Amino acid sequence: MEIILKQDIPNLGYKNDLINVKDGYARNYLIPKGMAILATKTNKKILSEVTKQKTFKEEKIIKEAETIAKALENIELKIGAKAGTSGKIFGSVNVLQIAAALKEQHKMDIDKKIIHVDGESIKELGTYTATVNLHKDISVELKFEVIAE
């Protein structure tokens with residue numbers, strides 16, 4: 001029996017997949033539990049339209065992410081921090097300060113949740129890199145320098 005999955009099911013398929021299963025499995029388990037629907041002609045047309053719209057939205061998101069990635073590649077970010085004479089920072093620099101510096105210096109509003117720094121935080125002056133994950137396939141290295149105020 002041909003069915004369309006309405007949700008991800010381990011060892012079977014992902015949401016909106018068109019698959020073949022045994023009749024009893026579909027009629028007695030998947031369809032009554034709301035995990036799948038019959039793959040009728042109408043449901044197949046709806047599925048193709050949903051897939052087309054999803055692809056269009058995904059392409060738009062990827063193009064926006066690529067544009068932001070190109071802009072981030074050439075940015076030189078400077079983050080000021082209070083530091084002692086030995087170069088140690090009073091406190092630390094983390095993703096929150098990086099996101100704030102991007103917004104302040106370059107007018108780019110990047111969510112702090114997608115910025116990742118090696119280790120938890122930075123405690124010394126110097127040049128570092130952070131990874132900005134804009135999309136599951138698109139990430140960019142952001143170089144920044146921590147300077148004394």
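The values are calculated or read from the model by the stated rules, or taken from the named source; none is laboratory data. Treat the numbers as computed from the prediction; the structure is a model and nothing was measured. Cβ coordinates were reconstructed from backbone atoms using ideal geometry, including for glycine residues, and neighbour counts include every protein chain displayed.
Hey, could you check region 41-56 for residues that are loosely packed, with under 12 Cβ neighbours inside 10 Å and β-branched (Val, Ile, Thr) and say which is nearest to the chain's Cα centre (by Cα)?
Filtering region 41-56 for residues that are loosely packed, with under 12 Cβ neighbours inside 10 Å and β-branched (Val, Ile, Thr), the one nearest to the chain's Cα centre (by Cα) comes out as Thr55.
Of all residues in region 76-86, which are within 11 Å of Glu145 (Cα to Cα) and either within 21 Å of the chain's Cα centre (by Cα) or not aliphatic (A, V, I, L, M) (or both)? Can you show your working first?
The first filter runs over region 76-86 and keeps only residues within 11 Å of Glu145 (Cα to Cα), leaving 76-81.
Result: Glu76, Lys78, Gly80.
What residue, among those in region 100-124 that are part of a strand (DSSP E or B) and within 18 Å of Ile147 (Cα to Cα), is nearest to the chain's Cα centre (by Cα)? Steps first, please.
Step one: list which residues in region 100-124 are part of a strand (DSSP E or B), which gives 115-117, 122-124.
Checking which are within 18 Å of Ile147 (Cα to Cα) leaves us with 117, 122-124.
Numbers: Val117: 16, Ile122: 24, Lys123: 27, Glu124: 29 Å.
Applying the filter and picking the extreme gives Val117.
Does region 57-71 contain any residue that is surrounded by 13 or more Cβ atoms within 10 Å (Cβ to Cβ) and basic (Lys, Arg)?
no
Which ones in region 125-140 are in contact (Cβ under 8 Å) with a residue 40 or more places away in the chain and over 15 Å from the mean Cα position of the chain (by Cα)?
Leu125 - this is the single residue of region 125-140 that is in contact (Cβ under 8 Å) with a residue 40 or more places away in the chain and over 15 Å from the mean Cα position of the chain (by Cα).
Can you run down the residue pairs with Cβ atoms below 9 Å, 6 or more apart or on separate chains, where the first is in region 1-23 and without any contact (Cβ under 8 Å) to a residue 24 or more places away in the chain and in the same structural domain as Glu49 (by TED's automatic domain parsing) and the partner is among the hydroxyl-bearing types (Ser, Thr, Tyr) and assigned to a loop (DSSP other than H, G, I, E, B)?
Listed by first residue and then by second, the contacts come to Asp8/Tyr14.
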